[in-house]
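For reference, the structure discussed in these notes is given below.
Nothing in this text is a laboratory measurement; each read-out follows from the coordinates by a stated rule. On a predicted model such as this, the values are computed, not experimentally measured, just so you know. With ideal geometry, Cβ positions are generated from the backbone for all residues, glycine too; neighbour counts draw on all protein chains shown.
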Amino acid sequence: MNGVSDPVSPNHLSYAVEGHGLVKRFGDFHAVDGIDIAVPVGSIYGILGPNGAGKTTLLRMLLGIIDPDGGHRRLLGEAQPLKLARAIGYLPEERGLYPAMKAVEAIAFMGALRGLPLREGRRRGRALLEDHGLGEAADKPVRALSKGMAQTVQLLGTIVHAPRLIVLDEPFSGLDAINQGKLEALIRRQAADGVTILFSTHVIAHAERLCERIAIVAGGRIRFEGSVGAARDRLRPQVRLETRRSDGPWRAAVPADALVEGNVWSFPLPLDGIEPLLKALVDGDAGIESLSIERPGLHDAFVAIAGAEAARDMVPAIDEEDGA
Amino acid sequence: MRELLRAAFVVARRDFTAIIFSKAFILFLIGPLLPLGIGVVAGGLGQRMATESLRPVVGITLSAKEAQALEDGQARLKSLFYRRPAIQLRRYAAGEQPDALLARKGERINVVLSGTLDRPVLTGRQGDIDRMRGDIALIASIARAGSALPETAVTTRIVADSSGAQQQARLLTGRLAQILLFLLTMLLAGMVLSNMVEEKTNKIIEILAAAIPVDAIFLGKLMAMLAMSFVGIAVWSSATVAVYTVFVGISFPLPPPAMGWPLFLMLAAVYFATAYTLLGSLFIGIGAQAATVRDVQTISMPITMTQVMFFFLASFNVDRMGQPMELLAVAFPFSSPFAMIARAAQSDALLPHLAALAWQWLWVALIIRIGVRLFRRNVLKSGGGGRGFFSRLRVSISRSGT
């Protein structure tokens, strides 16, 4: 599928999205308070944060829907994103389609807004609907579709013009587990074709599974920016030790602040590694029942980076998402 | 600019097809035709009412001979003036009491003429007497003079036209065109008010605003509504012409305007488009600020009244071409199309129209820009942080004060 004519060659760009010192105020409230962001070309990049963190405001600023009060942005090398609308796809957080419009027409219309001729939009729209198992819904009005189907139609409208950058604001919100899986697959396919994906979410599992890089946003500021691995590396691995005996000389090897539940001990891996601990446990006759070292998940990293208050709104796993 | 127009066309095409293919559009087309139908039916009735029922009745209790002379006098007067007499004469028995006649139900008598032709007595309410005394005295004088009244034979020489008649005819054409332009604008431009509510309700505005300039959204919506209006006007005009042809025949009832019909009609279409777009751009800007249909309904009344004011400004000065008030109506953008169409009926100068159209479209662009800025600021919540004109003005004032 060929994209619409595009003035910026991806070969000359390192970052598909760049924002420096972005600020947005609504009255006295600083929705975005000096954010720097750089999304590498061809990557899947997630913006994680609780509700009200400033994710949507940041995306709207980057896309040129609203102007920043401070700082500057570039999308695909262009400071005025509307000039490159043909190379960008955007799925807003609040989904919207004309209820009386046929599904295929809705997709073609969204493509036409971004420069794709209507006839070609219809052709591609039908093909996309077929590919996503919605071929029979092509000529049905949007109002006759289920919420999940309508959401898929809108998503297909976001990619129908073959954009080079896709921005998705909470794309998994409101989708059931099956459709979330389909959406993940679609994002991966687009990324495999070299499309840059930038999405916001408050479901950590999606970011953990999809993203090469993430930004953790809270209170209008970026608290962390880097790879998922780097975020998890912020925390030391956790040791989980279960012993037969509850006391003995080996206790000196267990950190004093370890969490204890019966004969189960949890504590961060000592800085000098597992071997000295293991030796002390064996020599001290602790009676090791089990010993494991667990790498912290992204949710743990999020709590450590953004704080427990910010993590309260976050959904650690897909199962906890509404409708999933 | 090309991209702006392309994007506007995409929005316009969506809106236009959505409207045209909706069931509600049929009602929209039929709505104005109902008064036309009712008007045809009621027209004959109204004319009869005007000729019979509404003319005041003068009860005559003179002798039969004098009553006949009075009726002859009225007929003679009618033949001189070529018009329907202002009063109806109705004979009663000589000597009947005027007060009793006036009180008699079902007779609907306004005044009673009693006595004799030499010494007539008129009985009735003060207002009726004031209104009819002159007519009755004139008819009575003619009746008394009888054949002795000298009749002056006026020789007539018919010409095709005269400046006075031409001016009056063109004035009439101008006024009618102005009223029609206003009615159509008022009927149709108000619909733009609620146009953005659909996008906001359906949450589509975010998709549009991310893909195309807000100017293109506004312009596209105006284009769609204007196109829809022209479809409506085409249907209504065709129906009117058809009804007129059936009931009256193939003749044009209005005197030709100074520019001639083809150019005048073309200008009328252009001025309608301009008046519509001017008001529409204002309305779409205001309507876009409204969050709900209820808000739109609330602001529609002051909007309508403002429209009426604009029209009055133009209407009061139709026959004052070149005078300061008429020039004000021409210069004020919202009354300018109405004032200019009246000018087109009265003057054949084309240049003022080109200048006026350029001026009006400049205002269209300006109003759209202001509407877009307000929309971006208040609805999309963009450009906050006190960077607006008024904020900067406030900052400047406070700085200059310190």
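Details
- Take every pair of alpha-carbon atoms less than 8 Å apart whose residues are at least six positions apart; their mean separation over the length of the stretch B:82-163 yields a relative contact order of 18 percent.
- The stretch A:260-289 versus the stretch A:24-46: alpha-carbon centroid distance in Å: 43
- GNM flexibility winner over chain B from B:Ser238, B:Ser63, B:Ser281 (Cα, springs under 10 Å): B:Ser63
- Residues B:Ser79, B:Ser22, B:Ser336, sorted so that the one with the fewest Cβ neighbours within 10 Å comes first: B:Ser79, B:Ser22, B:Ser336
- Förster radius 30 Å - calculated FRET efficiency between A:Ala79 and A:Glu130 (Cβ-Cβ, nearest 0.05): 0.20
- Chain A - share of DSSP beta bridges that are antiparallel (%, nearest 5): 65
- Straight-line reach from A:Lys279: taking Cα to Cα under 27 Å and skipping same-chain neighbours fewer than 8 places apart, no lysines fall in range.
- Loop-located trypsin sites (Lys or Arg not before Pro) in the stretch B:99-200 (DSSP state not H, G, I, E or B) with no more than 10 neighbouring Cβ atoms inside 10 Å: B:Lys105, B:Arg157.
- Whole-number percent relative contact order across the stretch A:165-227, with pairs defined as alpha carbons under 8 Å at least 6 apart: 31
- Estimated FRET transfer efficiency when R0 is 45 angstrom, pair B:Ala291-A:Asp233 (beta carbons, to 0.05): 0.45
- Applying D = kT/(6 pi eta Rh) to the protein assembly as shown, where Rh is the Kirkwood radius over alpha-carbon pairs, T corresponds to 37 °C and eta to 0.692 mPa s, the Stokes-Einstein value obtained is 100 µm²/s.
- Alpha carbon centroid spacing (whole Å) that separates the stretch B:73-126 from the stretch B:286-364: 50
- Our helix-only sum for chain B, with -39,500 (n - 2.57) per DSSP H run of n ≥ 4 divided by its residues, gives a mean residue ellipticity at 222 nm of -22500 deg cm²/dmol.
- For a straight C-alpha distance cut-off of 21 angstrom, the lysines reachable from B:Lys78 (same-chain residues fewer than eight places away being disregarded) are B:Lys65.
- Taking A:Phe199, A:Phe224, A:Phe172 in turn, the Gaussian network model of chain A (Cα-Cα springs below 10 Å) assigns the largest fluctuation to A:Phe224.
- Given R0 = 51 Å, the distance between the Cβ atoms of B:Val308 and B:Thr156 translates into a calculated FRET efficiency of 0.70.
- The distance separating the Cα centre of the stretch A:156-203 from that of the stretch B:157-189 comes to 63 Å.
- Max mean-square fluctuation residue, GNM over chain B, Cα-Cα springs under 10 Å, options B:Ala75, B:Ala268, B:Ala365: B:Ala75
- Spin-label model distance (nm) - B:Ala227 vs A:Asn263, 7 Å beyond Cα toward Cβ: 8.1
- With N as its number of residues, chain A has a Cα radius of gyration that, divided by 2.2 N^0.38 Å, comes to 1.20.
- Computed extension gain for B:Leu34 through B:Ala93, at 0.36 nm per residue and net of the alpha carbon distance, reaches 16.4 nm.
- Estimated 222 nm signal from helices in chain A, with DSSP H stretches of n ≥ 4 weighted -39500 (n - 2.57), rounded to 500: -8500 deg cm²/dmol
- Label point at B:Arg55 placed 7 Å out along Cα→Cβ; residues across the stretch B:65-82 whose backbone nitrogen lies under 18 Å: B:67-82
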